[in-house]
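What follows is one structure encoded as structure tokens, with my remarks underneath.
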Amino acid sequence: MSKAKEAKKLAGRAAVETHLRNNQVLGIGSGSTTVHAVQRIAERVKQENLNLVCIPTSVQARQLILQYGFTLSDLDRQPEIDLAIHGADEVDADLSLIKGGGGCLTQEKTVAGNASRFIVIADFRKDSKNLGDQWHKGIPIKVIPMACEPSCDPEAWGCD
């Protein structure tokens with residue numbers, strides 16, 4: 001196993017060891033490091049007979065939840081999340097991060113915003129002194145057309 005793959009596995013497993021408890025509602029993120037966390041969650045569910053409800057942030061996360069037989073839910077049924085676990089695209093020295101480069105930014109931010117605790121899993125390759133040092137695809141943003149009008153200052157943003 002490469003050094004990077006081993007680091008991802010260790011980071012994912014460590015997050016689960018430290019923060020996972022019985023009877024939690026979990027927000028499950030996406031990304032290759034999160035896959036390792038979900039694998040460890042599955043091991044602990046089997047070993048400890050844990051009762052968990054999982055809310056995905058993406059199609060990939062939904063597939064993982066179903067693959068491992070976890071209870072699938074959504075924010076309509078479970079608006080309060082105990083713990084959200086996600087990967088990151090880049091993390092700087094102040095622990096600011098870039099997320100959502102894979103296209104699930106809105107779902108990820110919504111689940112994270114509803115979580116009492118938000119755990120970001122990142123291996124050494126995501127570490128940088130300044131955001132943008134390693135992530136060269138730009139800062140992910142998403143404009144939701146239905147939210148523009150109610151939250152927009154028409155003069156500042158040019159909303160009609």
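Filtering region 36-51 to residues that are of a type in the set (Lys, Arg) and open to solvent by less than 40 Å² (accessible area, probe 1.4 Å) leaves Arg40, Arg44.
As for region 52-71, it holds no residue that is at pLDDT below 90, open to solvent by less than 40 Å² (accessible area, probe 1.4 Å), touching a strand residue (DSSP E or B) at 6+ places or on another chain (Cβ under 6 Å) and under 15 Å from Phe118 (Cβ atoms). For region 1-35, the set of residues classified as free of Cβ contacts under 8 Å to residues at least 60 places away in the same chain, open to solvent by less than 40 Å² (accessible area, probe 1.4 Å) and part of a helix (DSSP H, G or I) consists of Val35 only. Residues of region 3-37 that are β-branched (Val, Ile, Thr) and either modelled with pLDDT of 95 or more or under 17 Å from Ser116 (Cβ atoms) (or both): Val16, Thr18, Val25, Ile28. Close Cβ contacts (under 8 Å, 6 or more residues apart or on different chains) running from residues in region 111-139 that are on the phi > 0 side of the Ramachandran plot to residues that are among the aliphatic types (A, V, I, L, M) comprise Gly132/Ile98; Gly132/Ile139. Only a single criterion out of (1) closer than 18 Å to Gly100 by Cα; (2) touching a residue at least 40 places away in the same chain (Cβ under 8 Å); (3) open to solvent by 10 Å² or more (accessible area, probe 1.4 Å) is not satisfied by Gln78, namely (1). For region 123-139, which positions are open to solvent by less than 40 Å² (accessible area, probe 1.4 Å), closer than 28 Å to His19 by Cα and at pLDDT below 90? Across region 123-139, the qualifying residue is only Asp123.
The values are calculated or read from the model by the stated rules, or taken from the named source; none is laboratory data. Fair warning: this is a prediction, and the values are worked out from it, not measured in the lab. Please note: Cβ atoms are built from the backbone with ideal geometry, for glycine as well, and neighbour counts cover all protein chains shown. When the accessible area is computed, the model is the full protein with side chains, heavy atoms only, and any ligands, DNA or RNA have been set aside. Shrake-Rupley method; radii C 1.70, N 1.55, O 1.52, S 1.80 Å.
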